[in-house]
1. Treating the beta-carbon of each Lys and Arg as +1 and of each Asp and Glu as -1, no other charges, what is the dipole magnitude of the chain about its Cα centre, to the nearest 20 debye?
2. What is the ratio of the Cα radius of gyration of the range 169-239 to 2.2 N^0.38 Å, with N the residue count, to two decimals?
3. At a 1.4 Å probe radius, carbon and sulfur cover how many percent of the accessible area of the chain?
4. Longest span of the chain, sites excluded, free of GluC sites (Glu not before Pro) in DSSP loop with at most 13 other C-beta atoms within 10 Å?
5. Please identify every one of the trypsin sites (Lys or Arg not before Pro) in the range 4-55 that sits in a loop by DSSP and has no more than 14 other beta carbons within 10 Å of its own beta carbon.
6. For the range 31-72, give the magnitude of the charge dipole about the Cα centre (Cβ charges: +1 Lys/Arg, -1 Asp/Glu; no others), in debye to the nearest 20.
7. Considering only protein heavy atoms, what per residue accessible area in square angstrom results for the chain with a 1.4 angstrom probe?
8. If you find the alpha carbon centre of the range 47-107 and of the range 161-239, how far apart are they in angstrom?
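The values are calculated or read from the model by the stated rules, or taken from the named source; none is laboratory data. What you see is a predicted model; the values in this text were computed from it and never measured. For neighbour counting, all protein chains shown are included, and Cβ atoms are generated from backbone atoms with ideal geometry for every residue, glycine included. Side chains included, ligands, DNA and RNA excluded: accessible areas come from the protein's heavy atoms. Shrake-Rupley method; radii C 1.70, N 1.55, O 1.52, S 1.80 Å.
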Amino acid sequence: MDSYQQQIEALWQTPDGGVIQFDNWVVRQRRTATVTVYPVCVHYARRAKYLSAYGQDPDGHIGWHNYRLDRIRSPHLRVLPWGDPAVPPELKTLRDTGQLPTPEQVQVQLAAAWGFNFYLPKALLIMRFEPEFAHGYVQDTERHPTFGPVSYGELAQLVHIEVAEATEQQEILQVLAQRPATDAYYRGWMRVGDINVTMRLRDWRPQGEVIAPLVVRQQMMSEAARELDNYGILRNPAI
């Protein structure tokens, strides 16, 4: 990993920079994929080093992606000059127009929503907690600058302003109408699909209820149902 970082930092020191190509292990698909990207910055997160890069990702799409350095399968990073035909045309266009991505752009997106995978879609997060649990395990903890307490009375207006889809608005408001105003409520912005945020929401279960976004609420409901099924609760409610 240190060797990869040294190669990237050496590339950053060159006048014209460049593009790198390497084989990356894709955990979810259990396969190796070759990616060709413009390296932007290196982070230490989740006890690992990550490269934030823009270019051709493991699925062949052009965009942002975070790569764990310990999942790179190439012995060495292949540095491609800008004239190499393997460099994606989109990257060449960004270079020619002086619009190559910067670390500052990454920081802006990290600050906009909770989640290390800053390129994922963001959505309004609303959480409900039992007051005692919130006092002991949520209050005054550091999650993200956008995540903090909100009064029950503010939630309806918040949903109307921040949730664009009318059907989703109504479903969230219906859930809120059935919840006690005396519980503790928190709001923030999250990256939908970010594994680190998802794991935190799982840790808060069952004391924490995800009310919005609905896609994450439905995911939590589905996972909770599978957990009950593991213990035979859904198969035999009498157990």
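1. About 640 debye.
2. 1.25
3. 51
4. Longest stretch, sites excluded: 1-141.
5. Qualifying residues, ordered by number: Arg28, Arg30, Arg46, Arg47.
6. 260
7. 56
8. 35
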